[in-house]
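What follows is one structure encoded as structure tokens, with my remarks underneath.
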Amino acid sequence: MSPRRTPRRDTDAPTGIAPVYEGPEVLTALLSRAGSPHDAEAVADHFTRALAAGEPRSAVIPTLFDAEPHFDSPEGLWARLAAGLGPHDDAPEVSPEPPPPAPLPPRGIASGSTVPPDVVEAVWRHLAAAPPREVQRRRDRFQNVQPDVAAWLDAAPLPESGALATLDLAFELWAMFDHAFGDRLGAVDFRALRALEEEPPPVEGGQPAVAAYVAEQLDNLGDEDAAFGAAERAQVERAVATIAAALERAVHAPS
């Protein structure tokens, strides 16, 4: 019996996964990243001429790069042009990148013990825009400098639908207090949390900007999760109010 031969793969035959075309803006960025000097429009012109001349895709795509490309190839665009579509027909819209957040105000700039609205706004925007590694670094710092808050949260009776939101809000509130008051913010004591947990003062009384932020986040959670009802929200609000009050009381007076 002769040995079994592996059939030669036709490089222009369709594969099991259809190539995806994500639009000219995305393709231009990918081409640049891969080392091609051409944008999507130039590639489309190149492909159109090659298709008209009957040239195979496998012979055309390598000519777009000075060296070996760093990603497979713009096969999605070739398939679209071969099907009679243009580079813009039915291409998905690319959402513009959000502008970078405004610079944070100086840390410790706030007087008194109320977090200013501009600090609340700036801190949450910077956390939202920060890379995951930076956010995790700040979460680790939160755990280190406020261990009693973390321990109290571990023991707090939180609803399943709101537990993660409570942990996130506790971290974000600490980040806001930490930036507003800097070194004037001390460590919260576990006993202070236990003393406050039954009837914490309303957040809006001492921290109106923080309260508005918390309310907006809980509104969003209620819209996204049907299991997060009025009873679950009340539990989360009580926990967050406890933490906010304890953080406020941990702010030392200016020296």
Taking region 192-219 and keeping only residues that are part of a loop (DSSP other than H, G, I, E, B) and either surrounded by fewer than 19 Cβ atoms within 10 Å (Cβ to Cβ) or of a type in the set (Asp, Glu) (or both), one is left with GLU197, GLU198, GLU199, PRO201, PRO202
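A quick yes/no check of all residues on (1) acidic (Asp, Glu); (2) modelled with pLDDT of 95 or more; (3) outside any helix (DSSP H, G or I); (4) at positive phi:
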residue: HIS70; (1), (2), (3), (4): no, no, yes, no
residue: GLY86; (1), (2), (3), (4): no, no, yes, no
residue: ASP90; (1), (2), (3), (4): yes, no, yes, yes
residue: GLU93; (1), (2), (3), (4): yes, no, yes, no
residue: PRO96; (1), (2), (3), (4): no, no, yes, no
residue: PRO99; (1), (2), (3), (4): no, no, yes, no
One residue is enough: does region 241-250 have a residue meeting the conditions touching a Pro at 6+ places or on another chain (Cβ under 8 Å), under 20 Å from ARG125 (Cβ atoms), in a helix (DSSP H, G or I) and in contact (Cβ under 8 Å) with a residue 60 or more places away in the chain? yes
Of the residues in region 222-240, those that are in a helix (DSSP H, G or I) and either surrounded by fewer than 20 Cβ atoms within 10 Å (Cβ to Cβ) or among the acidic types (Asp, Glu) (or both) come to GLY222, ASP223, GLU224, ALA230, ALA231, GLU232, ARG233, ALA234, GLN235, GLU237, ARG238
How many residues of region 128-166 are in contact (Cβ under 8 Å) with a residue 24 or more places away in the chain and open to solvent by 80 Å² or more (accessible area, probe 1.4 Å)? The answer is 2
Filter region 246-255 for residues that are surrounded by 18 or more Cβ atoms within 10 Å (Cβ to Cβ) and in contact with a Gly (Cβ under 7 Å, 6 or more places away or on another chain); the one that is nearest to ALA212 (Cα to Cα) is GLU248
Going through region 168-186 in order, the residues found to be crowded, with 18+ Cβ neighbours inside 10 Å and within 23 Å of the chain's Cα centre (by Cα) are LEU169, ALA170, PHE171, GLU172, LEU173, TRP174, ALA175, MET176, PHE177, ASP178, HIS179
Residues of region 113-127 being open to solvent by 20 Å² or more (accessible area, probe 1.4 Å) and out of contact with any strand residue (DSSP E or B) (no Cβ under 7 Å at 6 or more places or on another chain), in sequence order, are THR114, PRO116, PRO117, ASP118, GLU121, TRP124, ARG125, HIS126, LEU127
Quick count over region 156-189, residues being of a type outside the set (D, E, K, R) and over 14 Å from GLU248 (Cα atoms), is 13
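The values are calculated or read from the model by the stated rules, or taken from the named source; none is laboratory data. Please read these numbers as outputs of a predicted model, since none were measured by experiment. Note that we place each Cβ from the backbone using ideal geometry, even for glycine, and neighbour counts take in every protein chain shown. Heavy atoms of the whole protein, side chains included, go into the accessibility calculation; ligands, DNA and RNA do not. Shrake-Rupley method; radii C 1.70, N 1.55, O 1.52, S 1.80 Å.
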